[in-house]
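Working notes, structure below.
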Amino acid sequence: MRIIAADVIVTSPDRNFVTLQLTTDDGVTGLGDATLNGRELAVVAYLREHVAPLLLDRDPHAIEDTWQFLYRSAYWRRGPVTMAAIAAVDMALWDIKAKVAGLPLYQLLGGASRRGALAYGHASGRDIPELLDSVREHLALGYRAIRIQTAVPGIDAVYGVAAQPSVDGVRYDYEPAQRGALPAEEDWDTRAYLRHLPGVFEAVRHEFGPELPLLHDGHHRMTPIQAARLGRDLEPYDLFWLEDCTPAENQDALRLVRSHTITPLAIGEVFNTVWDFQHLIRDQLIDYVRAAVTHAGGITPMRKILDYAAQYQIKSGIHGPTDISPVGMAAALHLDLAVHNFGIQEYMRHGDRTNEVFRQSFSFEGGLLHPGDQPGLGVTLDRAAAEAHPYRAAYLPYNRLKDGTVHDW
Ligand code: CS2
Ligand code: MG
């Protein structure tokens, strides 16, 4: 069996997606997600110019060797662009291998370890009443775990708050990227945020009780001591996790946070190799690994990271926003079903136009996601539908503080 074609498909139904389709001489195809929000075209160039030519005539079954070849032969290792490109190849090869075996991918990863993967959704609001309505809406949609994000008095636009209008009238309530030639500037004030948040969780716990798993995303905004304060202030509300509480390029920063609070910590959606997690896992500075299959080099390395984390009782919390395509989500669900140290799966529902381009076989019932039992990843891509939605530039916002200093978004 040989790879005879490597096609990079760019489509923008509800947002931009980059997909790699590999075709073998037996006519078997495999899909891989290579979407990197706001930098999609960089990955397209990397794939088309530097990866696709290397794949032709390779054995599609040689997944580990292909991964090592692409990672080491580039010389320039790691980084979001490189690892998203390698991830797409890895996912497509696993898709092919499972299709040839006639099995859903999770069966090749050790089989099912659970009935389904607990999902969490994104509730948000400009104020407490709107937030509580959003929680009710997500409970009605079947979620049994919910992320809580709100606006902050005195701050005009805050990450993750659905009610903010967006460019060209399309409400990106589930998608922070905004279409436009340049990133939008948003403001930020950490002290206002730290003053406001405990009252938000007090209101949510008062309305919905102590049981409901609640999550919050700090989105890299705090210094370690600010993150430590928030973690401690939220302890009475028993969060499932506090995510990205502080930028973690300096993994030691989490040592300070950890020493002040027992609120569980999740880190890693912007990480792209196991090396980014090395001290966080070894020194048990986090409780959940937040990486996305699409950004961490694919299924092969993601499984290795999760197996390393399992030695320290750290669980998975795979990144699943709408800027991970249905292909990347499917890869996550097959891992979620198989690994023993599963934690939770982020599930932000893709839009209708996206679901017309990507035909999926996953299910969401009783708060649990299941990848389905189609051979492979269980996703097909409608090339004609994809071509009907050409790429449109879209960027994530960025932050400035009140004095104009650029801050983490
Ligand atoms: C967020 C993401 O889902 C999350 O946890 O951090 O929505 C993130 O803002 C986007 O994926 C960035 O592309
Ligand atoms: Mg996040």
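The rows are residues; the columns are (1) basic (Lys, Arg); (2) within 26 Å of the chain's Cα centre (by Cα); (3) crowded, with 17+ Cβ neighbours inside 10 Å; (4) under 29 Å from Arg144 (Cβ atoms).
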| position | (1), (2), (3), (4) |
| --- | --- |
| Trp188 | no, yes, yes, no |
| Ala192 | no, no, no, no |
| His206 | no, no, no, yes |
| Pro210 | no, no, no, yes |
| Asp217 | no, yes, yes, yes |
| Met222 | no, yes, yes, yes |
| Ala227 | no, yes, yes, yes |
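So that you can scan it fast, the table gives a plain yes or no per residue for (1) within 16 Å of ligand 1 (Cβ to nearest atom); (2) aromatic (Phe, Trp, Tyr):
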residue	(1), (2)
Arg303	no, no
Tyr308	no, yes
Gln311	no, no
Gly317	yes, no
Asp323	yes, no
Met348	yes, no
Thr354	yes, no
Gly367	no, no
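Has segment 115-134 got at least one residue that is in contact with a helix residue (DSSP H, G or I) (Cβ under 8 Å, 6 or more places away or on another chain), among the β-branched types (Val, Ile, Thr) and outside the structural domain of Glu211 (by TED's automatic domain parsing)? Looking for residues that are in contact with a helix residue (DSSP H, G or I) (Cβ under 8 Å, 6 or more places away or on another chain), among the β-branched types (Val, Ile, Thr) and outside the structural domain of Glu211 (by TED's automatic domain parsing), one finds none in segment 115-134, hence no. Within segment 191-203, is even one residue more than 16 Å from ligand 1 (Cβ to nearest atom) and modelled with pLDDT under 95? No - not one qualifying residue is present in segment 191-203. Note on segment 87-133: residues that are under 30 Å from His216 (Cα atoms) and assigned to a helix (DSSP H, G or I) total 10. For segment 351-373, the criterion of being in the same structural domain as Trp241 (by TED's automatic domain parsing), touching a Leu at 6+ places or on another chain (Cβ under 8 Å) and of a type in the set (D, E, K, R) is met by at least one residue. Scanning segment 196-217 for residues that are in contact with a strand residue (DSSP E or B) (Cβ under 9 Å, 6 or more places away or on another chain), in a loop (DSSP other than H, G, I, E, B) and not hydrophobic (A, V, I, L, M, F, W, C) yields one hit, Pro213.
Could you list, in sequence order, all residues of segment 113-125 that are crowded, with 17+ Cβ neighbours inside 10 Å and of a type outside the set (Phe, Trp, Tyr)? Scanning segment 113-125 gives Gly116, Ala117, Leu118, Ala119, Gly121, His122, Ala123, Ser124, Gly125.
Every residue in segment 242-267 that is among the small types (Gly, Ala, Ser) and within 16 Å of ligand 2 (Cβ to nearest atom), please.
Start the filter on segment 242-267 by keeping residues that are among the small types (Gly, Ala, Ser), which leaves 248, 253, 259, 266.
Within segment 242-267, Ala248, Ala266 qualify.
Please specify each residue of segment 309-324 satisfying the condition of being farther than 16 Å from Leu109 by Cβ and not charged (D, E, K, R). Residues satisfying the conditions are Gln311, Tyr312, Gln313, Ile314, Gly317, His319, Gly320, Pro321, Thr322, Ile324.
Condition check: within 16 Å of ligand 2 (Cβ to nearest atom) and at pLDDT 95 or above. Does Val270 satisfy that? Criteria met by Val270. Being in a loop (DSSP other than H, G, I, E, B) and more than 16 Å from ligand 2 (Cβ to nearest atom) is the filter; apply it to segment 308-320 and report the residue that is farthest from Val274 (Cα to Cα). Only one residue fits best here, namely Gln313. Checked against the criterion of being loosely packed, with under 15 Cβ neighbours inside 10 Å and modelled with pLDDT of 90 or more, segment 153-165 contains one or more residues that satisfy it. For first residues located in segment 335-353 and under 9 Å from Ser316 (Cα atoms), partners that are aromatic (Phe, Trp, Tyr) and away from ligand 1 (no atom under 16 Å from the Cβ) and lie 6+ apart or on another chain with Cβ distances below 6 Å form the pairs Asp336/Phe342. Please specify each residue of segment 275-299 satisfying the condition of being surrounded by 20 or more Cβ atoms within 10 Å (Cβ to Cβ), farther than 18 Å from Gly320 by Cα and away from ligand 2 (no atom under 16 Å from the Cβ). The answer is Ile281, Leu285. Residues satisfying the criterion are present in segment 230-239 (criterion: surrounded by 16 or more Cβ atoms within 10 Å (Cβ to Cβ), within 21 Å of His138 (Cα to Cα) and within 16 Å of ligand 2 (Cβ to nearest atom)).
The values are calculated or read from the model by the stated rules, or taken from the named source; none is laboratory data. Computed from a prediction, not measured in an experiment: that's the story for all the values here. Please note: Cβ atoms are built from the backbone with ideal geometry, for glycine as well, and neighbour counts cover all protein chains shown.
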